[in-house]
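Reviewing the structure listed below.
The values are calculated or read from the model by the stated rules, or taken from the named source; none is laboratory data. Here the structure is a predicted model, which means the values were calculated and not measured. Note that we place each Cβ from the backbone using ideal geometry, even for glycine, and neighbour counts take in every protein chain shown.
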Amino acid sequence: MNYRSVVIYGQFERIPEEYKASALERFVQRVGAGREHEVRPPDPTELAATTILYIPTTEAAAKIRVGGPKDDEADLTRPVWSGVLPMRTQQCEPVREADSAIEAPDYVRSWPGDRFPSVPGEFPSLLRPRASPVPPSAGSEKLSLPVST
């Protein structure tokens, strides 16, 4: 079987309550630039019911397996089909909700574009407010991330 696998090692950190609104706005800006001006901000009840976590990406492991089957020598003499069943994930055209009269904006039509960081460690700065950066452990509760091998 061919695969791509990534494991991130570390502990999640909770964004403090006073930074939730700013963190959500910055996340929405990154995912759909301009959308934060189109939708209403979360209300206090929604913010209270939302936990925002990030995990510093200081250590990770990635594996990729490509190619055909690696059959045992004894299996090569058996008269059975052997090969790869390719699968693909592809971006399709956006589908508008039936009761929406608004056409898909640019940030939807160009999804995902270059919105997501490729530099390790960029998400914590994405989630923290620009004016008052939060040190990784300030006011946060450590949550363990179980890692299975």
*Residue that is more than 28 Å from residue 9 (Cα to Cα), acidic (Asp, Glu), at pLDDT 85 or above and under 26 Å from the mean Cα position of the chain (by Cα), where the choices are 93, 103*: 103
*Given (1) at pLDDT 85 or above; (2) of a type in the set (Gly, Ala, Ser); (3) assigned to a helix (DSSP H, G or I); (4) within 22 Å of the chain's Cα centre (by Cα), index of the condition residue 74 fails*: (4)
*Kindly check whether there is at least one residue in segment 63-71 that is under 30 Å from residue 104 (Cβ atoms) and either surrounded by 11 or more Cβ atoms within 10 Å (Cβ to Cβ) or among the hydroxyl-bearing types (Ser, Thr, Tyr) (or both).*
no
*Check segment 90-106 and report whether any residue there is loosely packed, with under 11 Cβ neighbours inside 10 Å, under 30 Å from residue 1 (Cα atoms) and not polar (S, T, N, Q).*
yes
*For segment 33-61, how many residues are under 14 Å from the mean Cα position of the chain (by Cα) and more than 29 Å from residue 3 (Cα to Cα)?*
1
*Just checking, how many residues over segment 1-58 are of a type outside the set (Gly, Ala, Ser) and assigned to a strand (DSSP E or B)?*
12
